[in-house]
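Taking it in order: structure first as structure tokens, then the write-up.
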Amino acid sequence: MRTEKQIPKGWTAFVDDKKCLGYQEFKNGGKAVTSLTLISKTTEAELKAELEAQSISLPK
Amino acid sequence: MLNGLFSLIGLSWGNGGVTMFNDDAPVAFPPYGTVINTYYTYEYPIAQGGSYFTYEAIEYPNQTVTIDLIADGAGGSIINWSSIRDVNFKAYGIGFSTTSGTYFINLYGVDYTSGSYTADVVHDGSGYFTTANYVNSFTAYGTYITSVTEVHAGGNTLEVPTGSGTYYPTGTWDGYEFYHDGTGGYFSVDVYFTSYSYGHLYLSTSNTSEVPSASGNYYTNGTNTDYIADGNGGYTTSGSGSYYSYGTIIFDSIYYTTGSQIEIPYGSANYFYQEWYGDRYFWDGSGGYYNYTSNFYYPYGTYITNDGTYSYYWDGIGGYYNV
């Protein structure tokens with residue numbers, strides 16, 4: 001079910017199970033109406049490391 | 001049974017015939033990052049840096065921005081605040097609250113309700129707010145408000161004298177009654193008129209005599225004609241004053257200056273004749289006049305000259321004084 005979620009400042013990935021559909025920097029934060037899982041980190045490197053640690057594939 | 005068979009092979013039967021569909025085909029969503037919509041007047045949130053004004057202790061965002069709605073790849077949507085652009089104040093007329101109030105008329109220091117209003121509180125297009133779309137309700141025309149006792153003139157006038165074109169009130173009003181005019185204002189009605197009694201003075205004019213006869217020159221002779229109320233709404237005349245006394249000078253007709261010259265002031269080297277020769281006219285004490293021709297001193301108070309410091313005048317007997 002899609003719900004409204006606040007996105008913090010930094011980098012956030014949108015994850016469907018073990019697949020990242022997309023990620024980007026939100027310099028001033030953002031919001032989403034989504035059914036996906038959000039994973040947020042301060043830097044892009046930290047985000048990628050977290051996705052790898054959870055065996056989540058990056059978008060092509 | 002037929003519909004059940006159709007469903008197994010991916011067909012359905014309806015009023016329009018057979019429709020092809022595939023229950024197992026995945027629904028296709030726009031890929032992550034696709035711009036699925038652009039908002040051109042999106043309210044700029046205060047939390048994201050948008051400005052605001054305060055109205056009745058509530059903070060109202062007063063700006064709009066352009067911002068994109070992008071796809072999350074799973075049928076959802078994302079807004080990235082860093083993509084905000086084209087910041088503008090909200091347009092005039094966008095309402096956000098309502099207000100109401102009362103109209104008053106102030107009469108002799110007292111407020112009387114004359115109506116009420118409701119209005120929308122709207123953005124003014126410049127970052128602040130104003131009121132608009134007033135709906136007014138006023139007390140009906142002719143509704144009594146109040147009355148006061150105040151003596152005043154006005155109305156009920158009389159032309160004095162007849163044919164002069166000048167009008168005077170013939171009495172006084174004792175007060176006013178006030179009524180609503182149906183548009184939030186008022187009108188007044190004079191009440192309780194009291195006519196002037198006999199003797200009330202409307203006008204006093206100075207009487208004149210022609211001196212000399214048939215000259216066309218007229219001089220006030222000391223008497224007056226008074227126009228007074230007759231007690232019945234009209235006027236009558238009455239005399240007042242008295243003729244100038246015998247020997248009062250009316251005017252001089254100077255033929256030439258004569259007599260001795262005196263230096264005025266002493267040491268100035270400016271000389272002036274003390275006398276003049278001609279006609280002098282006098283009142284006879286009963287409104288008539290007499291005259292004779294002779295040498296005369298200038299009357300007391302006749303101006304002579306000014307030396308830059310003092311003004312000099314004749315004293316009536318050939319001498320002078322200065323002021």
Gain in span if fully extended, residue B:137 to residue B:284, counting 0.36 nm per residue against the direct Cα distance
45.3 nm
Could you work out [θ]222 nm for chain B from helices alone, using -39500 (n - 2.57) per DSSP H run of at least four and dividing by all its residues? Round to the nearest 500 deg cm²/dmol.
-500 deg cm²/dmol
Less than 19 Å from a label point 7 Å out along the Cα-to-Cβ axis of residue A:53: which backbone N atoms in the range A:12-31 qualify, by residue?
A:12-20, A:23-24
HN-Hα J in Hz across the range B:46-60 - Karplus 6.51, -1.76, 1.60, θ = phi - 60°, x for Gly and Pro:
4, 5, 9, x, x, 7, 7, 10, 10, 9, 6, 6, 10, 8, 10
Once label points are set 7 Å from the Cα along Cα→Cβ at both residue B:225 and residue B:82, what is their separation, rounded to one decimal in nm?
10.2
Which of A:20, B:141, B:40 sits closest to the plus end of the dipole of the protein assembly as shown, meaning its Cα is farthest towards the positive end, when Lys and Arg get +1 and Asp and Glu get -1 on the C-beta?
A:20
Separation of the range A:1-33 and the range B:215-260 by C-alpha centroid, Å?
109
Using only alpha carbon pairs under 8 Å that are at least six residues apart, calculate the relative contact order of chain B and give it in whole percent.
7
Which entries in A:18/A:60; A:19/A:48; A:41/B:90; A:5/A:60 show an alpha-carbon gap greater than 23 Å?
A:41/B:90; A:5/A:60
Can you compute the FRET efficiency between residue B:38 and residue B:128 using 1/(1 + (r/R0)^6), with r the Cβ-Cβ distance and R0 = 35 Å? Round to the nearest 0.05.
0.80
Can you give the extra length, in nm with one decimal, that the chain gains between residue B:215 and residue B:58 once fully stretched, where that is 0.36 nm per residue apart less the Cα-Cα distance?
47.6 nm
Find which of B:50, B:94, B:268 sits farthest along the positive direction of the dipole of the protein assembly as shown, computed with +1 on the beta-carbon of Lys and Arg, -1 on that of Asp and Glu, about the Cα centre.
B:50
Let's test the formula: R0 of 30 Å, r as the Cβ-Cβ distance of residue B:272 and residue B:294. What FRET efficiency results, to the nearest 0.05?
0.95
Among B:253, B:294, B:232, whose Cα projects farthest towards the positive end of the dipole of the range B:181-323, with charges put on the beta-carbon of Lys, Arg (+1) and Asp, Glu (-1)?
B:294
Total formal charge among the other residues, if their Cβ is under 12 angstrom from that of residue B:236, Lys/Arg +1 and Asp/Glu -1:
-2
Compute the FRET efficiency between residue B:106 and residue B:201 as 1/(1 + (r/R0)^6), taking r as their Cβ-Cβ distance and R0 = 41 Å, and round to the nearest 0.05.
0.65
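Rule-based calculations on the coordinates, nothing more; no lab input. Given the structure is predicted, the values throughout are model-derived calculations rather than measurements. We place every Cβ from the backbone using ideal geometry, glycine too, and count neighbours over all the protein chains shown.
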